[in-house]
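All remarks here apply to the structure that follows.
The values are calculated or read from the model by the stated rules, or taken from the named source; none is laboratory data. It should be emphasised that the depicted structure is a prediction, and the values quoted were computed from it without experimental measurement. Every residue, glycine among them, receives a Cβ derived from its backbone with ideal geometry; neighbour counts consider all protein chains shown. Areas reflect the complete protein model, heavy atoms only, side chains present, ligands, DNA and RNA absent. Shrake-Rupley method; radii C 1.70, N 1.55, O 1.52, S 1.80 Å.
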Amino acid sequence: MAFIDISAVSKIFGNTRILENINLDIEHGQFVVFVGPSGCGKSTLLRMISGLEDVSAGTISIENEVVNDVEPALRGVAMVFQSYALYPHMTTFQNVSFGLRMAHKTAEFIAARVQQATGILQLDKLLERKPGQLSGGQKQRVAIGRAIVREPRVFLFDEPLSNLDAELRVQMRAELMDLHRRLGTTMIYVTHDQVEAMTLADKMVVMSGGRIQQAGAPLVLYDDPDNQFVAGFVGSPKMNFLPATLVGADATGVRLTGIGGGGNAVLPIVGITVAAGPVTIGIRPEHLRLVTEGATSPECLVLEGRVAIVEELGAESFVHLDLPDSTRVTLRAGRDAGRIGHTARVALDLERALLFAADGLRLRGRGLVQQ
Amino acid sequence: MSRTTALRGPVTVWTVLKWTLAIAIAIVAVFPIWWMFNVVFSQPGEPVSLNPRLWPTSLSAGIDKIRMIFTETGYLGAYFISITYALLTIVGVLLIASLAAFEFSLFKFPGRRIMFGIVMLALMVPTAVTIIPTYLLTSRLGWLNTMQGLVVPGLASAFGLFMLVQFMRAVPKEMIEAARLDGAGHFQIYWHVALPLCSNAMITLAILTFIQTWGNYMWPLIIGTRTEMYTVGQVVGMFNSPLSHHTVDTVMTANLLAAIPPLLFFLIFQRKIVEGIAMSGTKG
Ligand SMILES: Nc1ncnc2c1ncn2[C@@H]1O[C@H](COP(=O)(O)OP(=O)(O)OP(=O)(O)O)[C@@H](O)[C@H]1O
Ligand SMILES: [Mg+2]
């Protein structure tokens, strides 16, 4: 059994089902990130693990012990809140030591633990300050310190960085990774920022509409998404989706027509059994490239479009093209790649293209699981 | 235009009117108190003679009167009763109101809204309506002429609950949850987190309770029929009564002594009182 085992868990608030049949394994020491759009139930799932929210159905176990009915404080979990939730009338020392004081530890024990935690977080000089006299990043560190001193089995973070400015967020992100490496404790982290999720996660759990859409290593989700939602959610700029019509499949692949308003191609995916009909091609911006007039290549489909927007980032640029059927595609290109309003030709690397059924599920080839 | 007026901004008709009004109100409010001082610290009869004075003339005459009142009447005992009554009521009201507000504002339990509604209804019932049943109950408990009879009926303060609930609602839920995860029990969360966070509201409630108990005349009058249970209010009432054989000077001294504690209280907590009244007014 995994370190944390979430099995068939659901959550119902009143009459609404917020979480639906959640199954998830978390290994000891893993950095797990829950990511998904606002309102998809990430916080609710995290709070159920912490014990602050009841489990409506299913079980959550930590180290083989079902914790559904265990008091939050006894689960060995510590949580860092988005709002930090520091006690405003207490100094940093008192905030960090609150849990230990509630557990009636000795003064020496508390002093040693707090010193250790605040040393790691560089809070030594701020011990006598109250939260009102701390900056956002410092408050964040105090909140983390309060979690560390309890030496929990699991750290839970609910969007801990969203109140910080961009620069500080990057810095704190690095500090968190460092902290995870040093402590080796299991961490579960909630964010709706997929970049944050990609950089932090050992295991990334993409959620939407109260369900886990896919869980796995960030790059696995990036390269091999299970459905159109995950494909579109992971990666920035987003994956391009082109509507097409499937007309048939044979040993060389699936034949598609009407791609982006007229292109025909054979996607090299074999072993698919679906009826003819509308499908969606997914292709990442880095698998598109601008080509010059007349150039063709066998495994690429070349489409024509008008350049709508060019985002210059210095080293590279993102070119947004409108295809004839007004689908907007984005491609990653070098500097000075396109001129707004001009027509450009774009080649799609069909080897890297993914295929999604009309209901959004991925159509995988080569005898892989079909749904 | 001079420099100072320029710095303070232009003097408009409105400013003049405002200040005139403020000063007029201040004179009306302060004069009776000043007149008490004047009468007490003068030779008997002097301020009201044919040739009246607006300022005190004799410190020793005043001290004599005060000494007389403390030694020859039950005033000192009444002071003790009043202060005990006020302090016990404050402690009780703060404790009960804050415990109840903690539950009502931060936790969900069956019947919460209905119970809170009933308590709030109590705010709309005038004391005069409840005073007879309360008296009957207190008397049946055998609490007439006792300190508990004086204090206990005043401990459940619907107003105090209402005010503290407004404040505690503002305590972020996450802070309570953080404390819960930190292993704090229900009472520890109340004591270490919720209570310190509304210390301002608690001070305000303490002040308002003091003002109310010190000035409470009706209930002590009804419950305390024996002289040793008289509060300052009642003793002063006796001095003031038409059949009392005290002179104006003595009556004024008794009144002055009754006014001093709230006056001191007000001077010390002036700022908090103004803030508190403003808060309890707008927050509701
Ligand atoms: N106490 C509650 N009572 C009723 N509904 C709730 C409650 N808490 C959350 N919800 C609902 O549950 C859903 C999921 O909420 P949750 O806070 O888990 O979302 P989230 O994924 O964390 O979103 P965000 O990124 O905005 O924080 C939302 O639709 C929310 O309205
Ligand atoms: Mg959330």
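If only the Cβ of Lys and Arg carry +1 and only the Cβ of Asp and Glu carry -1, the dipole of the protein assembly as shown around its Cα centre is close to 1700 debye. Debye calculation, C-alpha points only, no solvent: report log10 I(q)/I(0) for region A:59-133 at q = 0.18, 0.27 Å⁻¹, in the same order as the q values. Each listed q corresponds, in turn, to -0.85, -1.29.
With 30 Å as the limit, the listed pairs A:Lys11/A:Lys130; A:Lys130/B:Lys272; A:Lys42/A:Lys139 have A:Lys11/A:Lys130 beyond it between alpha carbons.
Just the ratio, please: alpha-carbon radius of gyration of region B:2-66 over 2.2 N^0.38 Å, N its number of residues.
Details: Rg = 18.8 Å, N = 65, 2.2 N^0.38 = 10.7 Å.
That works out to 1.75 for region B:2-66.
In whole percents, the pair-distance distribution calculated for region B:60-107 from its alpha-carbon pairs, binned every 5 Å from zero, is 5, 18, 12, 13, 10, 9, 8, 7, 6, 5, 4, 1, 0. Legend: calculated FRET efficiency, A:Asn64 to A:Thr16, from the Cβ-Cβ distance at R0 = 30 Å, rounded to 0.05, equals 0.40.
For chain A, the longest principal axis of the Cα atoms and the long axis of helix A:92-102 meet at an angle of about 70 degrees. Which one of A:Leu161, A:Ala147, A:Val190 is farthest out on the positive end of the charge dipole of chain A, using unit charges on Cβ (Lys, Arg +1; Asp, Glu -1) and the Cα centre as origin? Most positive-ward Cα: A:Ala147. Across q = 0.18, 0.20 Å⁻¹, region A:177-317 modelled as identical point scatterers on its alpha-carbon atoms has Debye log10 I(q)/I(0) values of -1.17, -1.29, in the order of the q list. Along its first, second and third principal axes, ordered by size, region A:4-233 spans 51, 40, 31 Å in Cα coordinates.
Excluding A:Glu20 itself, what net charge comes from residues whose Cβ is under 10 Å from its Cβ, given Lys and Arg +1 and Asp and Glu -1?
+3
Considering only A:Asn95, A:Asn21, B:Phe102, the residue lying farthest towards the positive end of the dipole of the protein assembly as shown is B:Phe102, judged by Cα position with unit charges set on Cβ. Averaged over its residues, chain B has an accessible area of 58 Å² per residue, based on protein heavy atoms and a 1.4 Å probe. Think of chain A as a dipole: +1 on every Lys or Arg Cβ, -1 on every Asp or Glu Cβ, centred on the Cα centre; then among A:Ala2, A:Pro278, A:Ser43, A:Ser43 lies furthest on the positive end. In the protein assembly as shown, the DSSP-assigned H stretches of four residues or longer account for a calculated mean residue ellipticity at 222 nm of -14000 deg cm²/dmol, using -39500 (n - 2.57) per stretch and the full residue count as denominator. Between A:Ala174, A:Ala166, A:Ala78, the Gaussian network model of chain A with springs among Cα atoms under 10 angstrom shows the greatest mean-square fluctuation at A:Ala166.
Which FRET efficiency, nearest 0.05, do B:Ile260 and B:Ala61 yield, Cβ-Cβ r, R0 22 Å? So, using R0 = 22 Å, E works out to roughly 0.80. A cut-off under 12 angstrom between Cβ atoms defines the neighbours of A:Ala2, and their net charge, with Lys, Arg +1 and Asp, Glu -1, is -3.
Find the all-direction average of the projected area of the Cα convex hull for region B:102-155, expressing the result in square nanometres with one decimal place.
Working: hull surface 19.8 nm².
The orientation-averaged projected area of the Cα hull of region B:102-155 comes to 4.9 nm².
Only aspartates and glutamates eight or more places from B:Lys65 in sequence, or on another chain, were considered; those with a Cα closer than 19 Å are B:Glu46, B:Asp249. Taking a Cβ cut-off of under 14 Å around A:Ala315, the surrounding Lys, Arg, Asp and Glu residues balance to a net charge of -3, with basic ones at +1 and acidic ones at -1.
Close amide-amide hydrogen proximity is noted between A:Ala249 and A:Arg255, each under 5 Å apart and 5 or more residues distant or on a separate chain (H modeled in the peptide plane; Pro and chain starts excluded). Calculated translational diffusion coefficient of region B:75-136 (37 °C, 0.692 mPa s; Stokes-Einstein with Kirkwood radius over alpha-carbon pairs) equals 228 µm²/s.
Quick one: if the Förster radius is 60 Å, what FRET efficiency do A:Ser236 and B:Leu87 give, using the C-beta to C-beta distance and rounding to 0.05? About 0.40, to the nearest 0.05.
Each residue, A:His342 and A:Arg182, gets one label point 7 Å from its Cα in the Cβ direction; the gap between the two is 5.2 nm.
Stokes-Einstein, applied to the Kirkwood radius of the protein assembly as shown over Cα pairs at a viscosity of 1.306 mPa s and 10 °C, places its translational diffusion at 50 µm² s⁻¹.
Taking the square roots of five times each eigenvalue of the Cα gyration tensor of region A:240-356, the equivalent ellipsoid has semi-axes of 27, 13, 12 Å, listed largest first. Near A:Val190, the amide H atoms lying under 5 Å from its own belong to A:Phe34, A:Phe157, A:Asp158, A:Glu159; only residues 5 or more places off or on other chains count, and H is placed 1.01 Å from N.
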